[in-house]
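This report refers to the structure that appears directly beneath it.
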Amino acid sequence: MRSNRFLAALALTFATTSPSFAANERKHEHEHQPLYGGQVVEIRDVDYELVAKPELLQLYLRDHGKPVEASGTSAKLTLLNGSETDEVELEPAGDRLEARGSFPVNTGTKVVAVVRRLGDVAATVRYVLK
């Protein structure tokens, strides 16, 4: 009888506290919203915002919501459209990495960015353009 009460109390405890587990999941101190009209992907607490236009590719980095200095950072983008592949090197340009030219960016274009920051391991970031 005593073990049944214990099990019932234990079940009641888990039943009333389990919804709070989801509510107490790790909360980020920053938003992952695009600030420049691009798409944002987070990798290891760094937000990578890709702005892809036919004449301009830009990549903005934010670490815990704060801009990351672009100098000393490089990125290579691979643009995938069906069986077509294009590679583009991005260079530091103020607070971002960018390349100007003519780029095959359309809805559905897949982009793989390999970003290298001084003193950090390379990050691989994947996008599907909308």
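The values are calculated or read from the model by the stated rules, or taken from the named source; none is laboratory data. Keep in mind it's a predicted model, so treat the numbers as computed, not measured. Every residue, glycine among them, receives a Cβ derived from its backbone with ideal geometry; neighbour counts consider all protein chains shown.
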Practice problem: May I ask you to say which residue of 124, 78, 85 is at pLDDT 95 or above, assigned to a strand (DSSP E or B), over 18 Å from residue 37 (Cα atoms) and touching an Asp or Glu at 6+ places or on another chain (Cβ under 7 Å)? | Solution: 78
Exercise. Kindly indicate the residue of segment 91-109 that is assigned to a loop (DSSP other than H, G, I, E, B) and of a type in the set (Gly, Ala, Ser) and also nearest to the chain's Cα centre (by Cα) among those meeting that condition.
Key: 108
Quiz item: Quick one: which of 48, 60 is touching a Pro at 6+ places or on another chain (Cβ under 8 Å), of a type in the set (Ser, Thr, Tyr), at pLDDT 95 or above and within 20 Å of residue 128 (Cβ to Cβ)?
Solution: 60
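In segment 45-66, how many residues are farther than 16 Å from residue 120 by Cα and in a strand (DSSP E or B)?
Step one: list which residues in segment 45-66 are farther than 16 Å from residue 120 by Cα, which gives 49-60, 65-66.
Next, only the ones that are in a strand (DSSP E or B) stay: 49-53, 56-60, 66.
Qualifying residue count for the region: 11.
Pull up segment 42-61, narrow it to residues that are surrounded by fewer than 16 Cβ atoms within 10 Å (Cβ to Cβ) and of a type in the set (A, V, I, L, M, F, W, C), then point me to the one that is nearest to the chain's Cα centre (by Cα).
Looking only at segment 42-61, we keep the residues that are surrounded by fewer than 16 Cβ atoms within 10 Å (Cβ to Cβ), and these are 42-45, 53-56.
Subsequent filtering for residues that are of a type in the set (A, V, I, L, M, F, W, C) retains 43, 56.
Numbers: 43: 5, 56: 20 Å.
Among those that are surrounded by fewer than 16 Cβ atoms within 10 Å (Cβ to Cβ) and of a type in the set (A, V, I, L, M, F, W, C), it is 43.
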Quiz item: Are there any pairs, at least 6 apart or on different chains, whose C-beta atoms fall under 7 Å, with the first in segment 86-105 and touching a residue at least 40 places away in the same chain (Cβ under 8 Å) and on the phi < 0 side of the Ramachandran plot and the second of a type outside the set (A, V, I, L, M) and part of a loop (DSSP other than H, G, I, E, B), and if so, which?
Solution: 100/55; 102/54; 102/55; 103/54; 105/54
Exercise. Taking residue 121 as meeting all but one of (1) under 19 Å from residue 40 (Cβ atoms); (2) without any contact (Cβ under 8 Å) to a residue 40 or more places away in the chain; (3) not hydroxyl-bearing (Ser, Thr, Tyr), write down the number of the exception.
Key: (1)
Quiz item: Are any residues in segment 87-100 loosely packed, with under 15 Cβ neighbours inside 10 Å and closer than 17 Å to residue 112 by Cα, and if so, which ones?
Solution: 87, 89, 91
